[in-house]
Amino acid sequence: VSPCSNFRVFDRMLRRFLPTSGIACRAFRAGAPAPRGALARALSSRPPRGAPPDEDDEDEDDDMLEEHPAVKRRVDAVRVVHARYTEVELELSKKVEALMLEYDVKLAPFLARRAEIVSGRSEPTDAEARPLADYLAVCDVPPGEAEPGIPAFWLTAITEHEALADSVTEGDAAVLEYLQDVQCRKFNPGERTWAPLAKGPKPDLAELEQLNGFELIFEFAPNPHFEGTVLRKVVWTDEGYPAATQGSQIKWSPGMDITHKTVMKHSKTQNRKVKASEWQASFFHFFESRDFDLEESEQAQFDPALAAIKGGPTVVDKEVERHMQDLRMTLTFRDDLVPHAAEWVAMVMEDEDGDDL
């Protein structure tokens, strides 16, 4: 399925799952955080399985709009007007994209400077903050030297953001304390390639070659949880919508994998209990590779035969929910958290001492 069809499918899914569809769709595309739990509540209330939702309503609407030739003529006219509107809207989007690229260059030094201060590689200048003596004079200072940088800056920003907070478990928090910076870098068609996977999604590589996108880069301090210090998530987009993503394969240290847990399960072949690895909720599933074939997933929800091929209705439902959660997190990082992380940390600091960050 061509990724460009996914946007229309995604639109239909949001309209079905979210009652305030117009507002929800615009907010989601803009990267605005949705009310916590709203998506889960909407998903839990979707129509019964067996027939596409609102099918009868759509037929009734068609009959109502086309019952008279004069009405049909007006509908055709509105379509022509809308097509002309869309042409101008496309022109606007191209100009906005060009302007954003221009200002990305101007904004990059500020984000780089933020990373230096947060990580502790550099101290603020007097032009950026009042002298340290002013802070010492009004604060109760604990004994000893302060930790370098701003401890747990990114953990705080992530857990304070409504679109991300529910994705972080206690085990995740221990790892995210080491996170020092998150960057977003755009790329042009052909500048990123899909690394072959032993298992998992296999998108159309020829189509990916034609797509631009962005890369989320998570830089950690050296830590005992996994090898290396950088995790990446490459996102190919079509019309601004993620078509496929590929994340770093995390090499967890022995006993440190927080995305799975070891459980004892009965083996029918061995007729005894054996150790098995079981999936568990974790922020770090965000780095799993995905091919957003939402059209097939949507069809599987109402086609028992297709659902059986994909592992059954429960598996299909979980797949759709994880896709939607991944989409929300991906766009939130790109449009909201990477450029504005300091705002969430500032709110926490203001709550604690009534002063600005």
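The values are calculated or read from the model by the stated rules, or taken from the named source; none is laboratory data. Computed from a predicted model, the values in this text were never measured in an experiment. Note that we place each Cβ from the backbone using ideal geometry, even for glycine, and neighbour counts take in every protein chain shown. All accessible areas refer to the heavy atoms of the entire protein, side chains included, with ligands and DNA or RNA removed. Shrake-Rupley method; radii C 1.70, N 1.55, O 1.52, S 1.80 Å.
Test GLU191 against the criterion of being open to solvent by 70 Å² or more (accessible area, probe 1.4 Å), without any contact (Cβ under 8 Å) to a residue 40 or more places away in the chain and either more than 25 Å from TYR103 (Cα to Cα) or in a loop (DSSP other than H, G, I, E, B) (or both), and give yes or no. Give the steps one after another, and end with the answer.
Details: open to solvent by 70 Å² or more (accessible area, probe 1.4 Å): yes; without any contact (Cβ under 8 Å) to a residue 40 or more places away in the chain: yes; either more than 25 Å from TYR103 (Cα to Cα) or in a loop (DSSP other than H, G, I, E, B) (or both): yes.
Yes: the conditions hold for GLU191.
Of all residues in region 140-161, those satisfying the criterion of being part of a loop (DSSP other than H, G, I, E, B) and either aromatic (Phe, Trp, Tyr) or in contact (Cβ under 8 Å) with a residue 24 or more places away in the chain (or both) are GLU147, PRO148, GLY149, ILE150, PRO151, ALA152, HIS161.
Of the residues screened, GLU160 is one that is within 24 Å of ALA281 (Cβ to Cβ) and either of a type in the set (Gly, Ala, Ser) or surrounded by 14 or more Cβ atoms within 10 Å (Cβ to Cβ) (or both).
Here's the yes/no breakdown for (1) modelled with pLDDT of 90 or more; (2) open to solvent by 70 Å² or more (accessible area, probe 1.4 Å); (3) within 19 Å of LEU216 (Cβ to Cβ):
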position	(1), (2), (3)
VAL141	no, yes, no
GLU145	no, yes, no
LEU155	yes, no, yes
LEU164	yes, no, yes
GLY171	yes, no, no
ASP204	no, yes, no
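Before we move on, is PRO222 more than 20 Å from THR169 (Cβ to Cβ), of a type outside the set (S, T, N, Q), out of contact with any strand residue (DSSP E or B) (no Cβ under 9 Å at 6 or more places or on another chain) and at pLDDT 95 or above?
Numbers: more than 20 Å from THR169 (Cβ to Cβ): yes; of a type outside the set (S, T, N, Q): yes; out of contact with any strand residue (DSSP E or B) (no Cβ under 9 Å at 6 or more places or on another chain): yes; at pLDDT 95 or above: yes.
The answer is yes for PRO222.
Do you know which of the residues in region 221-257 that are in a loop (DSSP other than H, G, I, E, B) and among the β-branched types (Val, Ile, Thr) is most open to solvent (accessible area, probe 1.4 Å)? This residue is THR229.
Annotation: GLN180 fulfils all but one of (1) open to solvent by less than 40 Å² (accessible area, probe 1.4 Å); (2) closer than 17 Å to VAL345 by Cβ; (3) in contact with a helix residue (DSSP H, G or I) (Cβ under 6 Å, 6 or more places away or on another chain); the unmet one is (1).
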